[in-house]
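Worksheet: one structure, shown below.
What follows is calculated from the coordinates using simple rules that are stated; it is not laboratory data. All of these numbers come straight from a predicted model, not from anything done at the bench. So basically every Cβ, Gly included, is an ideal-geometry build from the backbone, and we count neighbours across all protein chains shown.
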Amino acid sequence: MSLAIGQTETVTYTVTQNDTAHGLSSQWKDGRHADAYIDVFATIKMIALMELACGRLLEAIQAPDELSVGVEVNVRHLAPTPVGATVTATATYLGRAAKLHRFRVEAFDPAGKIGEGEHARAVVQAERLLAGARKRLTAR
């Protein structure tokens, strides 16, 4: 199967308390910092949704022993989204540059655009990636 320039994939998700800046900061609380964040959709969760849309596009060209990994993110978070709102992230395939697949990404909530930018992913062999990750446990 192939992937055409301009091809899109959309992912839809409803924001929960755990997806907010406050929800995430409370999971990492260390007692030394106030971590004064509020209950709006966290930037890292928006980026994760964008990456998911990109990864789903690449599934069409992956071999059974391959997967895609994010290697570059350049995204702006434009507006806050509350808990309970539905967020839609769309990835548009821009083409391949060397070993990287490039995408335009956008995210929307019911009031309009909340994020935009570009993302690059590489298709890799799953076992090779896992072997490299395991080596990091014993490095140094």
Student exercise, the stretch 8-135 dipole from Lys, Arg, Asp, Glu Cβ charges, in Debye to nearest 20: 360
Amide H partners (placed H, <5 Å) of A42, local residues excluded: T20, A21
Lys/Arg +1, Asp/Glu -1 at C-beta; the chain dipole; positive extreme among A120, F103, H77: A120
The chain, relative contact order in percent, only Cα pairs under 8 angstrom and at least six apart counted: 28
Reduced Cα scattering model of the chain, Debye log10 I(q)/I(0), q = 0.14, 0.20 Å⁻¹: -0.75, -1.11
Farthest positive-ward along the chain dipole, Cα basis, beta-carbon charges - from I61, G132, T10: G132
Reach of K135 by Cα under 19 Å, taken over aspartates and glutamates that are not fewer than 8 positions away in the same chain: E127
